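The values are calculated or read from the model by the stated rules, or taken from the named source; none is laboratory data. Everything numeric in this text was worked out from a predicted model, so none of it was measured. No Cβ is skipped: glycine too gets one built from the backbone with ideal geometry, and neighbour counts run over all protein chains shown. These accessible areas exclude ligands, DNA and RNA; they are computed on the full protein's heavy atoms, side chains included. Shrake-Rupley method; radii C 1.70, N 1.55, O 1.52, S 1.80 Å.
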Amino acid sequence: MAGLTRRQFGLFTGASAAALTLPTYLRAQDKPRVVVIGGGAGGATAARYIAKDSDGAINVTLIDDSEMFTTCFFSNLYVGGFRSFESITHSYDTLQSSYGITKVTGRATGVDRAAKTVTMADGSTIPYDRLVVSPGIDLIWDSVEGYSEELSQTAPHAWKAGEQTKILKAGVDAIENGQQILMVAPPNPYRCPPGPYERASMMAHVLKSKGLTDAKIIILDPKPKFSKQGVFQEGWEKHYPGMIEWYGPDVHGGIESIDVKAGTVETGLDTFKGAFMNVIPAQKAGAIASAAGLTNDSGFCPIDPTSMRSTMDEAIFVIGDACIAGDMPKSGFSANSQAKVAAMNVRADLVGSKVFPAKFANTCWSLIDTDDSIKVGAQYAPGDGKIASTQGFISQMNEEDALRKANFEESVGWYAGITADMFG
């Protein structure tokens, strides 16, 4: 795939067309109301495109519990020392000042689907005509025996970016030569990025850059394989020989329990001990999705792949990590792409704008070492009742250094493009 500029990124991922000029009678009447829950790659993008492409004809409210948003994508590069924390943290100011979006900082705790209102933690309610739900993921704490939300302050998951990301980086930075980091990887499906295997690479990069080549990262994985496995392992052997060890269930025999205080993970094979632990539990849709009755037995939200409309409620759209997106992974790129399809259909519902066939795209880049980036991605369209892959690509082993460097440069351009697309 060729490198992406900011402008090309918006064109490449935009499933919607520019909104048609609205007739005077629509401008004169009361504006329909859209509430968006979640201010990340899905929610912020949806809010911006609904407001921008409706030419101000729709009243848009964006709810997120943070004043600023820190991206999970590129958070591994902060851990590895390639980015500052400030560079992955973004303001909602432009969405408010340039697009007229109302930003509510707080936590949505419930949805009254009959009354079409969102209930906030402080007891207040916000009415809607259409609701976009993009709450990301929540963690299933007891999926790892011995782990808890409280213990994540010592053994971080860092699967929600922000303070957890800082705790993770501090723990990696404190490792001494000869010590081990234990990572408990998540089962499928999980949010990615931040990918656990890119994260292990960034941890090893930090250790190697400090001369701590006798330190190790041990990955204990509940999965028998992972995406881009051969390319990652080739890179680990090239850049970090002997520093990263991956154990699947056929080797470790199952992850039985952890003891954060002792720094141990008990498996069917042995007890592994580390000076620092990164524990990533199983995941489900953000809590508000379940509270609103939008999830099924999987813990995620079924959607109509032609529109991102919830199969549980015609007035609600679910995008990003919380939805069941067929062949699409749970990534920021995916959420941004889905948001544009949802925004197009929300505008059609409320102001009668035209609907075009849904198209989706995703690319996930992973940095192994300086200028050595690999990627996987695809184009998607609705098919067989799901979002189905129509064509794809993946990095191969033994690629030229120049190609890997170009991948990294492409990812930097994409990051600039998607954050501009999200926040204006």
Per-residue ³J(HN,Hα) for the range 265-282, Karplus 6.51 cos²θ - 1.76 cosθ + 1.60, θ = phi - 60°, Hz, x for Gly and Pro: 10, 8, 10, x, 8, 6, 9, 9, 10, x, 7, 8, 10, 10, 10, 10, x, 5
Distance between modelled label sites at D384 and D327, nm, 7 Å Cα→Cβ extension: 0.8
Taking protein heavy atoms only, a 1.4 Å probe, and rounding to whole percent, the accessible area of the range 141-283 owed to carbon and sulfur comes out at 49
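So how much slack lies between K261 and D93, counting 0.36 nm per residue of separation and subtracting their Cα-Cα distance, in nm?
56.3 nm
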Given the protein chains as shown and a 1.4 Å probe, how many square angstrom of M243 are accessible, to the nearest 10? 0
Along the positive direction of the dipole of the range 141-283 (beta-carbon charges: Lys, Arg +1; Asp, Glu -1; about the Cα centre), which of N177, L207, H252 reaches farthest? L207
Full extension from D129 to A406: what is 0.36 nm times the residue separation minus their Cα-Cα distance, to one decimal in nm? 95.2 nm
Checking D138, D297, D369 against a Gaussian network model of the chain (alpha-carbon springs below 10 Å), the top fluctuating residue turns out to be D297
Sorted by chain and then number, the residues having a modelled amide H within less than 5 Å of the amide H of E256, at least 5 places away or on another chain, are E266, T267, G268
Out of the GluC sites (Glu not before Pro) in the range 364-416, which ones are loop residues according to DSSP with at most 16 other C-beta atoms within 10 Å? E399, E400
Residue-count net charge about P281 - beta-carbon cut-off 14 Å; Lys, Arg +1, Asp, Glu -1: -2
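Within the set K31/K330; K375/K405; K103/K386; K330/K359, which residue pairs have Cα atoms separated by over 23 Å? Kindly include the intermediate steps, with their values, before the conclusion.
On the way: K31/K330 33 Å; K375/K405 12 Å; K103/K386 32 Å; K330/K359 16 Å.
Where the Cα-Cα span goes over 23 Å, the pairs concerned are K31/K330; K103/K386.
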Going residue by residue through the range 347-359, the Karplus relation 6.51 cos²θ - 1.76 cosθ + 1.60 with θ = phi - 60° gives ³J(HN,Hα) values, rounded to whole Hz and with x marking Gly or Pro, of 4, 4, 4, 9, 10, x, 6, 6, 10, 9, x, 5, 9
Near the amide H of C323, under 5 Å away, which other amide H atoms are found, from residues 5 or more places off or on another chain, if H is placed in the peptide plane? C301
Excluding near-sequence neighbours (fewer than 8 apart on one chain), the range 141-283 holds lysine pairs with C-alpha atoms under 13 Å apart numbering 4
Please get the size of the charge dipole for the chain, origin at its Cα centre, with Cβ charges of +1 on Lys and Arg and -1 on Asp and Glu, quoted in debye to the nearest 20. 1280
Work out the charge dipole of the range 141-283 with +1 on the Cβ of Lys and Arg and -1 on the Cβ of Asp and Glu about the Cα centre, then indicate which of T267, G146, M243 is farthest towards its positive end. M243
Residue among E145, E266, E86 with the largest mean-square fluctuation in a Gaussian network model of the chain, springs linking Cα atoms under 10 Å: E86
Per residue, accessible area of the chain with a 1.4 Å probe, heavy atoms of protein chains only, in Å², comes to 40
For S290, S97, what's the largest-to-smallest order of accessible area, 1.4 Å probe? S97, S290
Order by accessible surface, 1.4 Å probe, largest leading, for residues E198, E149 comes to E149, E198
Using modelled backbone amide H atoms (1.01 Å from N, in-plane), which distant-in-sequence or interchain residues come within less than 5 Å of S353's amide H? A348
Hz values of 3J(HN,Hα) by residue in the range 367-380 - Karplus curve (6.51, -1.76, 1.60), Gly and Pro given as x: 8, 8, 7, 3, 6, 10, 10, 10, 8, 9, x, 6, 9, 9
Overall form of the range 141-283 per C-alpha gyration tensor (a/c, 1.5; a/b vs b/c): rounded
Test item: Cα-centred dipole of the range 141-283, Lys/Arg +1 and Asp/Glu -1 on Cβ, debye: 580
Only Lys, Arg (+1) and Asp, Glu (-1) charged, at Cβ; the range 252-343 dipole about Cα centre in debye: 280
Could you tally the net charge around K166, taking each other residue with its Cβ under 15 Å from the Cβ of K166, Lys/Arg +1 and Asp/Glu -1? +1
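Whenever you get a sec, line up I368, I244 from highest to lowest accessible area (probe 1.4 Å, protein heavy atoms). Mind dumping the intermediate values first?
Working: I368 0, I244 25 Å².
Sorted by accessible area, descending: I244, I368.
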